[in-house]
Amino acid sequence: MNREEFSQKLVECRESVGCGKLEMCRRSGLLYKQLNIIERANMNYTANNLFKYLHAIQHVIKINIPNKGVYIVSSRQAFKGVFVEMRSNLNLSQDKSSKQAGISRSAITGIESETMNFTIDIFLKGIYGLNCFLTIEPIE
């Protein structure tokens, strides 16, 4: 899934809960410009803004790791553990996983040390590049 497809799913989720754009800004704390960047997907955006968006509409990301299970990710910090699990599932080092996913080793280090507010493009490449996939679902 690319950024455009992902952002379209976010819009569908927002609309499914009956939340307009202005209400979304109020709930999430995002500026209207930031909201448009997310929803139009014409520019890369940060994971922090993604999770503000999801929190505002009471949705989470579920990542399916083949032969391991489904993991709920509701924050940038929570993604760290899931990402380590994805690498472990394939028995890959940071170097090998960076090559397989098509992201830099420093991005992987930043994710795993929680020092990097990575972008949605890195997030998606990291998931799909390591043979996993995601869904966006309401909080149960």
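A compact table of results
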quantity	calculated
Environment charge of H59, counting only residues whose C-beta is closer than 9 Å and scoring Lys/Arg +1, Asp/Glu -1	0
Stretchable slack from R27 to Y128, in nm (0.36 nm times residue separation minus alpha-carbon distance)	33.4 nm
Label-point gap, in nm, between N2 and I136 - each point 7 angstrom along Cα→Cβ	1.7
Whether the chain is rounded, prolate or oblate, judged on the alpha carbon gyration tensor where a/c under 1.5 counts as rounded	prolate
The stretch 33-69 residues near the modelled V11 label - backbone nitrogen below 11 Å, point 7 Å along Cα→Cβ	36-42
Local net charge near I103, Cβ-Cβ under 13 Å (Lys/Arg +1, Asp/Glu -1)	+2
Whole-Hz couplings from phi, Karplus 6.51/-1.76/1.60, listed for the stretch 49-65; x for Gly and Pro	5, 4, 6, 4, 4, 4, 4, 5, 9, 6, 10, 9, 9, 10, 10, 9, 9
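Since every read-out is calculated from the coordinates, none of them should be taken as a lab result. Keep in mind that this is a model prediction, so the values were computed, not measured. With ideal geometry, Cβ positions are generated from the backbone for all residues, glycine too; neighbour counts draw on all protein chains shown.
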